[in-house]
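Engineer: I'd like to ask some things about the structure below.
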Amino acid sequence: MIARARRIDLRPPVRARSFLLHWILFLGSFRWIALSKILANMQRVFISGLGTLCPLGNDLRTVWDRLLAGVSGISTLTNIDTSDLEVTIGGEVRGFDPRQIEVHDKIAARRLDRSSMFAVGAAVRSLADAGIDQNSLGSRGAVVLGAGLSGLLTLQEQTELLLNGGPRKVSPLTIPLLMPNASAANIAIALGLHGTTYTVSSACASSGHAMINAAQLIRSGAADVVITGGTEASLTRLGMASFINMRAMAKGYNDRPSEAVRPFDAHRGGLIMSEGAACLVFESEEHLRRRGGRAYAELLGQGATSDAFHITQPDPSAREATRAIEVCLASCQLKAGSIANQTYVNAHGTGTRLNDVAETRAIRLAFGVEADQLLISSTKSMTGHLIGAAGGLELAICCLGLIERQLPGTINLTHPDSECDLNYLPNASVEASCRYAMNLSFGFGGHNVCQLIGVVDDATIRRPPTRGPLLGMTPCRER
């Protein structure tokens with residue numbers, strides 16, 4: 001006979017188990033107390049400065065006035081040879097003197113790629129707009145910038161030199177010029193910022209992801225001020241040819257460039273590439289109050305997801321794009337249905353066949369029956385697609401919309417697509433006092449980013465409107 005093995009109870013006695021349970025709960029209470037203290041100490045994030053260089057202009061007032069007037073920044077390209085390209089139009093930055101960025105002897109335009117020039121120019125403008133002395137920041141100032149195709153112009157130029165003249169013709173500055181982190185690094189050098197500095201790249205969602213990271217630095221107390229947003233300078237022969245051959249570009253509008261970008265329109269044919277930069281100053285509430293600053297808006301919520309579906313096409317179900325919106329709203333404890341009638345949405349709205357339908361579906365799924373109450377527009381219809389800088393520029397536009405109580409429309413929306421059936425503010429700006437503004441960014445690779453900002457409640461730190469509507473602009477209609 002084999003003896004039955006005796007069962008050994010390794011559990012502690014009942015009394016001991018009870019003691020351990022109470023001890024775990026006791027310690028757990030301290031963890032919750034610690035967590036509540038952390039949450040209580042998290043800084044609110046305010047947007048106190050804006051700066052941009054884009055196809056509509058090189059200062060905020062000009063850009064804003066042209067947006068409200070429905071002016072397109074798309075024109076015949078002048079900086080590159082387009083003689084053999086099927087698309088010869090785009091959104092160029094004009095009238096920008098690179099010497100403006102040479103704020104001291106460490107910054108020389110000849111040692112910067114065009115994307116870095118734009119980034120530094122926009123960053124200097126944003127900090128000046130916020131009224132912050134750059135010398136006051138030091139290690140409490142950081143830079144988190146988005147860039148989709150950083151250094152593409154340098155890559156193209158130096159490759160041509162290599163192929164035509166051999167290795168000795170390649171500039172020793174090639175790597176420092178084209179490396180993805182160059183734009184953020186040059187901002188830090190120009191402004192003397194010693195906090196963390198880096199670049200985020202996720203195609204057309206680059207700015208969005210950069211701003212998520214920037215907000216985390218503020219909320220955690222790691223920085224008082226973060227320069228964030230994005231930059232792009234991909235209007236090169238290489239960049240244009242690639243997008244054309246991908247069949248992502250709108251064709252047939254070379255003779256009427258202002259009509260080329262047609263988001264949500266039944267006759268839309270694709271995007272039009274643009275260049276430029278947009279920088280926003282994210283600032284902690286404590287720092288903003290201490291220096292007596294004023295803010296355009298408060299950053300309330302952010303959300304990001306991934307389709308994991310296709311490298312260039314959005315998931316037609318819009319499942320993860322919808323979830324990005326839901327995550328954003330949940331992060332600030334707001335319900336879609338309760339804010340829809342108080343919200344402006346700056347749509348990604350590229351004008352491509354697939355994106356516009358998927359985006360419409362995502363908004364409808366996230367907001368349900370209340371989606372029809374939203375005021376939505378795609379300002380890409382006027383600015384073109386700034387790729388890595390798009391989200392930064394469009395969140396800046398959201399900020400201006402809140403304080404000016406005016407919203408730009410979607411131009412070229414003459415024949416609405418039946419599958420894009422939301423209120424996309426066709427062909428006219430409107431007057432509207434919105435409490436919230438949402439920015440959506442979707443990038444190649446399946447990246448989805450949603451951000452929500454809100455009106456600054458405290459009048460002592462809220463920026464006043466700059467001035468009323470332009471004389472002679474398209475009349476606004478009351479909501």
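Every read-out reported here was derived from the displayed coordinates using simple, explicitly stated rules and does not represent laboratory data. In this text, all values refer to a predicted model and were calculated from it rather than measured experimentally. Here the Cβ is made from the backbone with ideal geometry for all residues, glycine too, and neighbour counts use every protein chain on show.
Engineer: Ranked by Cβ crowding within 10 angstrom, fewest neighbours first, how are Asp59, Asp315 ordered?
Structural biologist: Lowest to highest Cβ neighbour count: Asp59, Asp315.
Engineer: OK, next. Just how far, in whole angstrom, is segment 101-123 from segment 321-354 if you go by their alpha carbon centroids?
Structural biologist: If you average the Cα positions of each part, the centres end up 35 Å apart.
Engineer: Can you give me the relative contact order of the chain as a percent, contacts being Cα pairs under 8 Å and 6 or more apart?
Structural biologist: Working: 1190 pairs, mean separation 98.5, N = 479.
About 21 percent, as a whole number.
Engineer: Using a Förster distance of 45 angstrom, determine the FRET efficiency expected from the C-beta separation of Arg435 and Val170, and round it to 0.05. Numbers along the way, then the final one.
Structural biologist: Working: r = 54 Å, r/R0 = 1.20.
FRET efficiency, Arg435 to Val170: 0.25.
Engineer: Hey, can you grab everything whose amide H is under 5 Å from the amide H of Phe444? Only 5+ residues off in sequence or another chain; H modelled, so Pro and N-termini drop out.
Structural biologist: Correct list: Cys204, Ala205.
Engineer: Now for a different question. Convert each backbone phi in segment 335-343 into a coupling constant with the Karplus relation 6.51 cos²θ - 1.76 cosθ + 1.60 (shift: θ = phi - 60°), then list the ³J(HN,Hα) values in order as whole Hz, x for Gly and Pro.
Structural biologist: 9, 3, x, 7, 10, 4, 7, 10, 10
Engineer: Among 367-373, 382-388, 49-55, how do they line up from the highest to the lowest mean number of other beta-carbon atoms within 10 Å?
Structural biologist: 382-388, 49-55, 367-373
Engineer: Could I ask something else about it? Based on the mean of other Cβ atoms within 10 Å per residue, sort peptides 346-357, 424-435, 331-342, 225-236 so the most packed one is first.
Structural biologist: Result, highest mean first: 225-236, 346-357, 424-435, 331-342.
Engineer: Mind giving me the FRET efficiency for Asp59 and Leu354? R0 is 22 Å, r the Cβ-Cβ distance, nearest 0.05 is fine.
Structural biologist: Computed FRET efficiency for Asp59 and Leu354: 0.05.
Engineer: Under 1.5 on a/c is rounded, so check that first for segment 232-308, then, if it is not, pick prolate when a/b is larger than b/c and oblate when it is not; a ≥ b ≥ c are the square roots of the alpha carbon gyration tensor eigenvalues.
Structural biologist: The shape class here is prolate.
Engineer: While we're looking at this one, here's another question. By count of other Cβ within 10 Å, fewest leading, how are Met246, Met273 ordered? Mind showing how you got there, number by number?
Structural biologist: Details: Met246 11, Met273 27.
If I rank by nearby Cβ atoms, fewest first, I get Met246, Met273.
Engineer: Using just the helices of the chain, give the 222 nm mean residue ellipticity in deg cm²/dmol: DSSP H runs with n ≥ 4 each add -39,500 (n - 2.57), and the total is spread over all residues, rounded to 500.
Structural biologist: -10500 deg cm²/dmol
Engineer: Within a 10 angstrom radius of the beta carbon, how do Leu300, Leu145 rank from fewest other beta carbons to most?
Structural biologist: Working: Leu300 20, Leu145 41.
The fewest-first ordering by Cβ neighbours comes to Leu300, Leu145.
Engineer: Where a ≥ b ≥ c are the square roots of the eigenvalues of the C-alpha gyration tensor, would you call segment 66-204 rounded, which needs a/c under 1.5, or, failing that, prolate if a/b is larger than b/c, or oblate? Before the final figure, lay out the partial values.
Structural biologist: Values: a/c = 2.07, a/b = 1.24, b/c = 1.67.
Oblate.
Engineer: Related question: If I model a spin label at His267 and Glu285 as a point 7 Å from the Cα along the Cα→Cβ vector, what separation in nanometres do I get?
Structural biologist: About 5.0 nm separates the two model spin labels.
Engineer: Under a Cβ-Cβ cut-off of 13 Å, what is the net charge of the residues other than Ile325 that fall near it, where Lys and Arg count +1 and Asp and Glu count -1?
Structural biologist: Within the 13 Å Cβ shell, the charges total +1.
Engineer: What label, among (1) 151; (2) 227; (3) 166, belongs to volume of the Cα convex hull per residue in Å³ computed from the structure on display?
Structural biologist: Step by step, volume of the Cα convex hull per residue in Å³ for this structure corresponds to label (2).
Engineer: Can I ask one more? Quick one: compute the contact order of segment 193-325, relative version, from alpha carbon pairs under 8 angstrom and 6+ residues apart, as a percent.
Structural biologist: 22
Engineer: Please work out the Cα center distance from segment 236-314 to segment 50-98, rounded to the nearest Å.
Structural biologist: Taking the Cα centre of segment 50-98 as reference, the centre of segment 236-314 is 14 Å away.
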